[in-house]
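Asks: Below you will find the structure I want to go over with you.
The values are calculated or read from the model by the stated rules, or taken from the named source; none is laboratory data. This structure is a prediction, so every number in the text was calculated from the model and none was measured. No Cβ is skipped: glycine too gets one built from the backbone with ideal geometry, and neighbour counts run over all protein chains shown. Only protein heavy atoms, including side chains, enter the accessible area calculation; ligands, DNA and RNA are left aside. Shrake-Rupley method; radii C 1.70, N 1.55, O 1.52, S 1.80 Å.
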Amino acid sequence: MRSSSAAPLWRDRSRLGHQVRYALRHPRRVLPHLRRLARNGWLRLRHRGSHIAYYRAVMASDTARSAEAAVGGRPSHARWLALGQMQYDYLVRHGLKPQDRMLEIGCGNLRAGWRFIEYLEPGHYFGIDISPDILIEGKKTLVRYGLQQKVPHLTPVADLTLDFLPDAYFTVVHAHSVFSHSPLEVIDQCLAHVGRVLASDGFFDFTFDRTEGAEHQVLGEDFYYRTGTLIRLAEKHGLAARFMEDWEALPHGQSKLRVTHPGGGRSDAAR
């Protein structure tokens, strides 16, 4: 249901009309959708008032069925590998170096993280996630690829204040498919604090589900934002943000913004 093409960017996926048309085109997905609707409704009642607690429960449920599907949306190991490779290749093209100190927000089961860990110098990768269940799967990925000697840091968190991390330490911060599952107050919290841990010449890349129509959410899981909304939110916290056009050509279905300190970040010549 996600696309980077022009027409779908105007769709409001929360509208009944869209959902009916989608169901008619994809009848086999109706029953799984109804099951997810019922589950999410129950979890939202149990965790009323806290999106992070609610989504932690969603991740626990999804991870119990398939850790790879929980972070990728499709139960395919090939797809899991391909999406991780795409994220890794993109950052390397944009100047990621082994000596960089990287923070991955929403590292999940290390779909891309294991490649970053392998590439970076020992101790230079920090992965955080709100879901302890998916982090346990991440540790299994670490063992499967024999990366223990790289000494990565994997930490569960209760919020995105990043309060346990040092000032101006990370040269690269990365969040893939995190803000696409976050209400605006969670994104605001992250942007309010990421500037403190970001080095003066560092950058923060994050993906999001983009719409050019009304901003909306589906099932309390998938959130669609206009680019300008997120750029203004970054500016509110003294950060500069720009739309990454070259990311749009890749087969992923989300858009990407790069956030830096004003006048900071790496020059495009470093790609």
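Asks: Would you confirm whether or not segment 191-201 contains a residue that is touching a helix residue (DSSP H, G or I) at 6+ places or on another chain (Cβ under 7 Å) and modelled with pLDDT of 95 or more?
Replies: So far as segment 191-201 goes, yes, one or more of its residues are touching a helix residue (DSSP H, G or I) at 6+ places or on another chain (Cβ under 7 Å) and modelled with pLDDT of 95 or more.
Asks: Follow-up question, since we're still on this one. Look through segment 141-163, keep the residues that are open to solvent by 30 Å² or more (accessible area, probe 1.4 Å) and in a helix (DSSP H, G or I), and return whichever of them is farthest from Gly195 (Cα to Cα).
Replies: Filtering first and then ranking leaves Arg144.
Asks: When the residues of segment 131-140 are filtered to those that are of a type outside the set (Asp, Glu) and surrounded by fewer than 21 Cβ atoms within 10 Å (Cβ to Cβ), which remaining residue is farthest from Ile117 (Cα to Cα)?
Replies: Top of the filtered list is Pro132.
Asks: Of the residues Ala53, Ala57, which is in contact with a helix residue (DSSP H, G or I) (Cβ under 6 Å, 6 or more places away or on another chain), closer than 30 Å to Lys139 by Cα, modelled with pLDDT of 80 or more and open to solvent by less than 40 Å² (accessible area, probe 1.4 Å)?
Replies: Ala57
Asks: Assuming Gly106 fulfils every condition listed in (1) buried (at least 19 other Cβ atoms within 10 Å of the Cβ); (2) more than 11 Å from His174 (Cβ to Cβ); (3) in contact (Cβ under 8 Å) with a residue 40 or more places away in the chain apart from one, which condition is it?
Replies: (2) is the only condition that Gly106 fails.
Asks: Is one or more of the residues making up segment 181-203 surrounded by fewer than 16 Cβ atoms within 10 Å (Cβ to Cβ) and within 20 Å of Leu96 (Cβ to Cβ)?
Replies: Yes, some residue in segment 181-203 is surrounded by fewer than 16 Cβ atoms within 10 Å (Cβ to Cβ) and within 20 Å of Leu96 (Cβ to Cβ).
Asks: Please determine whether any residue of segment 211-233 is in a helix (DSSP H, G or I), surrounded by 15 or more Cβ atoms within 10 Å (Cβ to Cβ), small (Gly, Ala, Ser) and free of Cβ contacts under 8 Å to residues at least 60 places away in the same chain.
Replies: Within segment 211-233, none of the residues are in a helix (DSSP H, G or I), surrounded by 15 or more Cβ atoms within 10 Å (Cβ to Cβ), small (Gly, Ala, Ser) and free of Cβ contacts under 8 Å to residues at least 60 places away in the same chain.
Asks: Turning to a different aspect of this structure: Looking at segment 238-249, which of the residues that are surrounded by fewer than 18 Cβ atoms within 10 Å (Cβ to Cβ) and out of contact with any Asp or Glu (no Cβ under 9 Å at 6 or more places or on another chain) is modelled with the lowest pLDDT?
Replies: Restricting to residues being surrounded by fewer than 18 Cβ atoms within 10 Å (Cβ to Cβ) and out of contact with any Asp or Glu (no Cβ under 9 Å at 6 or more places or on another chain), the top hit is Ala249.
Asks: Take segment 113-130 and flag every residue that is surrounded by 20 or more Cβ atoms within 10 Å (Cβ to Cβ) and assigned to a loop (DSSP other than H, G, I, E, B).
Replies: Leu120, His124, Ile130
Asks: Of all the residues that make up segment 63-72, how many are modelled with pLDDT under 80 and crowded, with 20+ Cβ neighbours inside 10 Å?
Replies: Count: 5.
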